[in-house]
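Since every read-out is calculated from the coordinates, none of them should be taken as a lab result. What you are looking at is a predicted structure, and each value in this text was computed from that prediction instead of being measured. Glycine also receives a Cβ, built like all others from the backbone with ideal geometry; neighbour counts cover every protein chain displayed.
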Amino acid sequence: MARGQRAMVLALIAVLGACSGDDSPDDAGSPGSTGAAPQALSTVETLPFTPENTVVSPAGLEQLSAGLLGASELGVPESWAILDIDPLVPDEVRLADDADPFLGLLECADGVTREGTDRAWIARRFTAPETPLDNGLLSVELTVEIESTEEFAADRAALAACVVGEQATVAFTDEDLPLALVPAVNAPATAVLLSSEPTESVPYPSVLSAVVANHGGFSATVVFAGLDQGTDWQIDARDLAARLLVELQP
């Protein structure tokens, strides 16, 4: 056999040997080996990622954005911290004691002062970073929600059943809230005046003036809170609640 033919035969034998699928130990593939035959990839079904704590956004949540007023619109310093809370915020944040609009001084049934994840609502709190204003004001909180007249009536009745500790006193007053920008229209409302001696959660003599009102399928809650210096922010709370209800109307 000629030398050229012999070389071709040897090359053909080498190729056939590589394709024979021989899985003897000498030919077994190893990391970095170039002699092992490629392995077929198995098909795995990819499932969408769905965390256990995923909360579906309540219908109509975007309608409430008109109620998220800024510091300049409220007349508080721009340096005040802002905390926004809604149903999509994790439970450990949304249900924390310092996220309570009444600072833990008023004990109410679930869903009375703030709804759960099945309802559309948004809350925004402005808080002084260090010292209160000259009149003792430390925070202002706004909560707006989509709520029917019937739902509001149930919450209003439940609010009157809230209780305070031995260090605090509270007064609930049902009233009609005039909507200044809507002539001859009054919104059903409840005013809350809460005062307390120092407690573990609020270590200073405190006072909170709040108004909860409903009109046109929306409710607004406004809470002014601060150091008790004899100041009453009830008028401010009323005016702000009325403004929010007007802002929310389509």
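Do you know which of the residues in the range 210-223 that are part of a strand (DSSP E or B) and either among the β-branched types (Val, Ile, Thr) or surrounded by fewer than 24 Cβ atoms within 10 Å (Cβ to Cβ) (or both) is farthest from the chain's Cα centre (by Cα)? Steps first, answer last, please.
As a first pass, look at the range 210-223 and keep what is part of a strand (DSSP E or B): 210-215, 218-223.
After this cut, where a residue has to be either among the β-branched types (Val, Ile, Thr) or surrounded by fewer than 24 Cβ atoms within 10 Å (Cβ to Cβ) (or both) as well, the list is 211-212, 221-223.
Details: Val211: 21, Val212: 20, Thr221: 16, Val222: 17, Val223: 18 Å.
Top of the filtered list is Val211.
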Per-region count, the range 191-206, residues surrounded by fewer than 23 Cβ atoms within 10 Å (Cβ to Cβ) and either among the hydrophobic types (A, V, I, L, M, F, W, C) or within 14 Å of Thr149 (Cβ to Cβ) (or both): 4
